[in-house]
Amino acid sequence: MTWSCVPLLRPARDLVLGKALGTDYFFLREQLSPEQLDYLQRTRRFVDEQVVPVIGGCWERAEFPWPLVRRLGELGLVGDGLQGSVGLRSTRSPL
């Protein structure tokens, strides 16, 4: 059996490890409401700016990234009906 690779949309030298490529193979982005698109963009920005730089270190140290979980709640990305000491607030996810 021969394996072939899917061609990259960008040269490999331009890729940043962990950064979203922005691909939308199934054209789902076109079907999102403005509220859902905002949720997607906020989530992607959070991951690119706050998760990717620290998550490798958390993995290596076997630590759970509680500050990231708190930040998810503060940004309104999670927390639908959840309340507690981790800082999650109640929100309704648009997705």
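Below, the figures for the structure above:
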{"item": "Output for the range 1-39, where each listed residue is at pLDDT 90 or above and among the aliphatic types (A, V, I, L, M)", "result": "Leu32, Leu37"}
{"item": "Test: residue in the range 46-57 that is among the aliphatic types (A, V, I, L, M) and modelled with pLDDT under 90", "result": "no"}
{"item": "Every pair of residues 6+ apart whose Cβ atoms lie under 8 Å, when the first sits in the range 40-65 and is surrounded by fewer than 10 Cβ atoms within 10 Å (Cβ to Cβ) while the second is modelled with pLDDT of 90 or more and assigned to a helix (DSSP H, G or I)", "result": "Phe64/Cys58"}
{"item": "Flag if Leu72 is surrounded by 12 or more Cβ atoms within 10 Å (Cβ to Cβ) and modelled with pLDDT under 90", "result": "yes"}
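The values are calculated or read from the model by the stated rules, or taken from the named source; none is laboratory data. This structure is a prediction, so every number in the text was calculated from the model and none was measured. Methodologically, a virtual Cβ is constructed for each residue, glycine included, from the backbone with ideal geometry; neighbour enumeration extends over all protein chains shown.
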